[in-house]
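Asker: Right, I'll just put the structure down here and ask away after.
The values are calculated or read from the model by the stated rules, or taken from the named source; none is laboratory data. Predicted, not measured: the structure shown is a model, and the values here were computed from it. So basically every Cβ, Gly included, is an ideal-geometry build from the backbone, and we count neighbours across all protein chains shown. Remember, those area values only see protein heavy atoms, side chains included, never the ligands or the DNA or RNA. Shrake-Rupley method; radii C 1.70, N 1.55, O 1.52, S 1.80 Å.
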Amino acid sequence: MTLDTDKLSKEDSVYFTLKDIYGRAGYTHYRLRKFEEYSLYLENMSFLTSESIITFNDADGKLLALKPDVTLSIVKNTKATVENGEKLYYRESVYRMDARTREYREICQAGVESMGGNDLYSTLEIIMLAAESLKAIDCDFMLNISHMGFIRGMLADCGITSEAVSAEITEYINAKNCHDLRIFAEKAGVPADKAESLIELISGKNDNDFENMLRAAGRLITGSKTAQAVAELEEIYAVIKDTPYSERIKLDFSIVSDMNYYNGIILRGYVRGVPKSVLSGGRYDKLMKRFNKAVGAMGFAINLSEVAAYYGTKPEYDADILLLYGNDDKPGDIFNAARQLRKSGGSVLAACSVPEGKKFKQIICLGDGNI
Amino acid sequence: MLNIALPTGRLGDRAYSVLRDAGYGCGDVFGDNRKLIFKNEEQGISYFLVKPVDVPIYVEYGIADIGVAGKDILIEHSPDVYELLDLGIGRCRMAVAAKNGYKEDNNRTLRVATKFVNAAKAFYRGKSREIEIIKLSGSIETAPLLELSDVIVDIVETGTTLKENGLSVIEEIFPISARLIANKSSYNFKSVIINEAVEKLKGEIKK
């Protein structure tokens, strides 16, 4: 039997394509249990997008939680070393509080984690997998890249050391809010020329074109940390520009992730028609360090629930054929007739009356055991 | 097509004037009747008018690519959107006000009446002050007069309403003006036309 992918839900069809992409890249499937010890999250609360977690006690009174995140569980359990890296993909449910409705939601996530190397190739591999994953959702996609090392360096260049100041500036950067950033930077004592350079880089003036943004970054920022990040981005761009995705991968320095966990490249992906980002991730060597794992790691997750919500695949018919049978028809005859009809490849619903509110391409009546 | 959400009322009218002068007009039908959706097919612009507090929701969910919202609403609801421009219109401030001659009693919990619960909480958290929020939907000024609350946290434009009710501002929290916001996903796919709109509006504001 072959699987008709047209009949799958968007969530399933995207996942099967992703599974194929990741499998061919040598990633193996990883399965987790639905819950974890609560302490794992308590110690890494700021890594999570929402602090509200569904908890319950096991028989011994130990506090457990329904997984709000997959990466932490994988990082905790990995035995990856530099020589013996681990490349995994998963499809799991996570349970998070929706910030607007204040209700818990089950979110289906698919993603990859590459642990072991922190070389340029492993970074590139994840970026290209992210682009291919977005393409599996919709050909009209955009993958935005930023660099946490660059952002840290940029803030250091501005003379920002206080965590509170850095947090507020980050908020403005994330919102591309240049006007409030300018006022706040002046209050915080950031030199005006440094603040203007920062503003030019986050404003999106160059439509975030990778090459133009790289040039602007190299010209405007002078510190050694940022130079290192720019050099890495240049090497990445040298490869990206010759791929079919060159127009769809942008450099957007307004993307900032938590500096306590992420260090290098970070990713955010969008598809036209879905109003929120559907893919996010990045290099999280710092998170690995927190778990005493002396290896680099990078990955991303795709919110399949968000994708499914915007690509409705409501079929026109509930089934291709309705097979109507009477009280006198023998069960064996009904069964054989249905089996006969299914041979043509369509779906067949057998019922003794027409179900209310349902639509069928064709209605076939059974009489005396014959169609 | 660029979809723009504007708030109903005076701020929406003023925001539309700025947009029209920047070259994003929609004929002279705007505001003349009770229609809530306006289209200019030629220019590829579509406007819709929604309640001011709902503008960020329409933008965050991508129904509108861009919109105009007061900073008060953005701070209160923290939508995940880009804030691209300070339009400089609808200027006012979020402030704490109380009856004329009010003196705070630091020995007890401060009762604060407001529509802006999150802004009030954040402000007093910064001061480490124990407060009790009393959420009201309108006519906030009556709360201290009827001794429902000690103070109010509300938008103050000219201060006339406060004055007429024997109240005065005791502390300013933050300045407010209308902002141009954009959906993060739309921005990626329509960056050229959105950036062009931002530049044109910037030129218009400077005039």
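Asker: Of all residues in the stretch A:284-318, how many are open to solvent by 10 Å² or more (accessible area, probe 1.4 Å) and either under 28 Å from residue A:133 (Cα atoms) or of a type outside the set (S, T, N, Q) (or both)?
Answerer: 23
Asker: Would you check which residues across the stretch B:169-197 are over 19 Å from the mean Cα position of the chain (by Cα), open to solvent by 10 Å² or more (accessible area, probe 1.4 Å) and not hydroxyl-bearing (Ser, Thr, Tyr) and list them?
Answerer: B:169, B:170, B:171, B:184, B:188, B:189, B:190, B:192, B:193, B:195, B:196
Asker: Hey, another quick one. Identify all residues within the stretch A:129-188 that are within 19 Å of residue A:217 (Cβ to Cβ), of a type in the set (D, E, K, R) and within 14 Å of chain B (Cβ to nearest Cβ); write none if there are none.
Answerer: Selection gives A:176 alone.
Asker: Among (1) touching a Ser or Thr at 6+ places or on another chain (Cβ under 8 Å); (2) away from chain B (no Cβ under 14 Å), where does residue A:254 come up short?
Answerer: Here residue A:254 clears every test but (2).
Asker: Which residues, taken from the stretch A:185-200, are within 16 Å of residue B:85 (Cβ to Cβ) and open to solvent by 20 Å² or more (accessible area, probe 1.4 Å)?
Answerer: A:200
Asker: Consider residue B:85 carefully, then state whether it is part of a strand (DSSP E or B), in contact with a helix residue (DSSP H, G or I) (Cβ under 9 Å, 6 or more places away or on another chain), at pLDDT 95 or above and within 13 Å of chain A (Cβ to nearest Cβ).
Answerer: Yes: the conditions hold for residue B:85.
Asker: Within the bounds of the stretch B:100-107, is there any residue that is assigned to a loop (DSSP other than H, G, I, E, B) and within 14 Å of chain A (Cβ to nearest Cβ)?
Answerer: No, the stretch B:100-107 contains no residue that is assigned to a loop (DSSP other than H, G, I, E, B) and within 14 Å of chain A (Cβ to nearest Cβ).
Asker: What is the residue count in the stretch A:94-106 for residues that are open to solvent by 20 Å² or more (accessible area, probe 1.4 Å) and in contact with an Asp or Glu (Cβ under 9 Å, 6 or more places away or on another chain)?
Answerer: Counting residues in the stretch A:94-106 that are open to solvent by 20 Å² or more (accessible area, probe 1.4 Å) and in contact with an Asp or Glu (Cβ under 9 Å, 6 or more places away or on another chain) gives 7.
Asker: Can you list the strands (runs of 3 or more DSSP E) lying wholly within the stretch B:145-206 that have 1 or more residues being closer than 19 Å to residue A:254 by Cα?
Answerer: Once the strands (runs of 3 or more DSSP E) in the stretch B:145-206 are filtered for at least 1 residues that are closer than 19 Å to residue A:254 by Cα, what remains is B:178-182.
Asker: Tell me, which residue of the stretch B:135-162 that is touching a helix residue (DSSP H, G or I) at 6+ places or on another chain (Cβ under 9 Å) and among the hydrophobic types (A, V, I, L, M, F, W, C) is most open to solvent (accessible area, probe 1.4 Å)?
Answerer: So the residue we want is B:148.
Asker: When you check residue A:145 against the structure, is it of a type outside the set (S, T, N, Q), in a strand (DSSP E or B) and in contact with a helix residue (DSSP H, G or I) (Cβ under 6 Å, 6 or more places away or on another chain), yes or no?
Answerer: Considered against the rule, which asks whether it is of a type outside the set (S, T, N, Q), in a strand (DSSP E or B) and in contact with a helix residue (DSSP H, G or I) (Cβ under 6 Å, 6 or more places away or on another chain), residue A:145 comes out as no.
Asker: Quick check, is residue A:274 within 14 Å of chain B (Cβ to nearest Cβ), in a loop (DSSP other than H, G, I, E, B), out of contact with any strand residue (DSSP E or B) (no Cβ under 6 Å at 6 or more places or on another chain) and surrounded by 19 or more Cβ atoms within 10 Å (Cβ to Cβ)?
Answerer: Yes: the conditions hold for residue A:274.
Asker: I'm told residue A:151 meets every condition in (1) buried (at least 21 other Cβ atoms within 10 Å of the Cβ); (2) outside any helix (DSSP H, G or I); (3) not small (Gly, Ala, Ser) except one. Can you identify the failing condition by its number?
Answerer: Residue A:151 satisfies every listed condition except (2).
Asker: How about the stretch A:321-368: which of its residues are touching a Lys or Arg at 6+ places or on another chain (Cβ under 9 Å) and open to solvent by 40 Å² or more (accessible area, probe 1.4 Å)?
Answerer: A:347, A:349
Asker: Being open to solvent by 20 Å² or more (accessible area, probe 1.4 Å), modelled with pLDDT under 95 and in contact with a helix residue (DSSP H, G or I) (Cβ under 8 Å, 6 or more places away or on another chain) narrows it down to one residue among B:106, B:165; which is it?
Answerer: None of the other options fit; the residue is B:165.
Asker: Considering the stretch A:202-226 alone, what residues qualify as being surrounded by 15 or more Cβ atoms within 10 Å (Cβ to Cβ) and assigned to a helix (DSSP H, G or I)?
Answerer: Residues satisfying the conditions are A:202, A:210, A:213, A:214, A:216, A:217, A:218, A:220, A:225, A:226.
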